[in-house]
Structure formats: structure tokens, C-alpha cells
Amino acid sequence: MCSCPQNVRQAWSFGLILALLLGQAGQSAAATTVVPPTRTVDGETQAEYAARWWQWANRVRPGVKPFQDPTGSQCALNQSGKVWYLAGTDGTDDIRRRCTVPKGKYLFFPIINMISHSLPGKPLTCDQAKAEAAANNEHLVLAEVKIDNTPVRNIPAHRIRSTQCFDAFPIATYIDNTKSYFPAATDGYWLMLEPLSSGLHHIVVRARYDNPGANLGDLEQNFEYQLQVEEQVKDEEPVNPEKLFEGLIVAFAPLEVGSKSTFAPEQ
């Protein structure tokens, strides 16, 4: 306690109490915002949402996938249901996106993750896909998430793995035979957030693997979202990137696995 006049001491004490209360409120808000990884949402497990996230991300062709969106302009593309997906990056750049999100939507996004799947002529068993997807997740050296400047605690507890393998390309029209890419498995660190209040929110994600010599063993994720949560999204539906390729016939084949998975024309 300071050695100062009574009115100053009272003001100092009040300020200290207020600061403590605000700190507790901030911690409480963070605790109630993050959905425990074992909890279901709308009847689905978070492992199932991780598979659905990859199906959402792979719905459009390489070059215009959600994790390749540099600004957030495609944030509303192919979104439906009670859960709204946010994307990470392909690991090649730091990304800052701005999005408008309908009020009442849960948010689901990767902190850092891997996917592994069969390729044409290179089939995998489900167990092999799971093992490949898991490899780098034993070597997580950085994982930081802040929601409205409040850190999320105990991120390692949010590791989510495929319990069953899945088809990662069920509606990927740019692939002739999607069965050649089955089975797929994903493994990594994800967050499901309770619906946010109306207004502006800020999400910051930093994560990195350190698994020298492994495929994507040095993958990093650095991205931010500025989210405007509104009663109803007022913006028009974004232009589907697929329309940019209408009349263009190109065959694509995956080159790598992981959340950095990239594609290139077959030679």
C-alpha cells in the first residue's frame, strides 16, 4: 500500500480491485469461448469436423483453396450449417484476413495440422495414412493462439486425430477419379470456438513443427483474422473461384501431403 493521503489510497485500492476483476473476466471469457476438444457440436465430433474441413478446403482447385486466400475475400465461400470454417495457410507466407461472419456460428480452424492420403498408383492403408499424418505432430515446438488478445491455454490438449479414414476429395470436380485419393487421415491441433458476440474480433495463430528431414517437418503457420460478427452477412456471395477456370481443362495431381499440400499440372 502506498504512503499517501487517504483519498489517493482509496482510489489506488479501487483501481487495483477493478484491474483484478477485469483480468478475471478476461480469463473467464477465454475459458467459455473455446469448446473442449472432446465435446460434440451439432451431433458431430471434432475429429469429424476436421475431416469435413479438409473436404471443404479441397472442394475448389489448387491456387484458390481457402488456405491460399490472401485477404479473406473468399471467407463465405461454400459455408453452411452451424459451424463456420476458417483457414490456415499453405506455410509459405504470413496472412492477415478480414471476414464477415454471421452471428450464431461456431468457428472451427486449424492451428497446425497434416493430412495424408493415397495417390494414383501409390495407395495407402488407413493405418499408413494415420501414421504419416501423425509424424510431425509429435514435434510441435510452437503453438500460440490469441482471441481478442487473450491467450488460449493448453493448446496440446486440442490435438485431434482421425479416428476413421475419410475421402478428402468427395466433391472435387477438378479430379477425374477421387477414389484414387482414398483413404485420407488428418492429425493436428484445432480449435472450435463458441459463437462470438456481435462486433469486431481478432484471432492470431502462430505454430511450428521442428522435425528435421521429415516431409513438411519445418511447417509454420502464421495467420490472423479480423472478424466482423453480424446478425446477417450483408455482402453478396463471393465469386466462386471455380468459375475462373470455366472452359479450361487441366489435370491436377497432388505433390505433397499436409496442410501445405500443393498441386501442379500433370506432365
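Below, the figures for the structure above:
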| read-out | value |
| --- | --- |
| Distance between segment 201-229 and segment 53-91 - C-alpha centres, whole angstrom | 15 Å |
| Cα-based Rg of segment 98-181 normalised by 2.2 N^0.38 Å, two decimals | 1.40 |
| Table column - 3J(HN,Hα) (Hz), segment 102-112, Karplus curve with 6.51, -1.76, 1.60, x for Gly and Pro | x, 5, x, 8, 5, 10, 10, 7, x, 7, 7 |
| Summed side-chain charge close to residue 43 - residues other than residue 43 whose Cβ falls under 15 Å, Lys, Arg +1, Asp, Glu -1 | 0 |
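Every number in this text was worked out from the coordinates using simple rules, so none of it is lab data. Because the structure is a prediction, the values reported are computed rather than measured. When we count neighbours, we look across all protein chains shown, and the Cβ atoms used for this are built from the backbone with ideal geometry, even at glycine.
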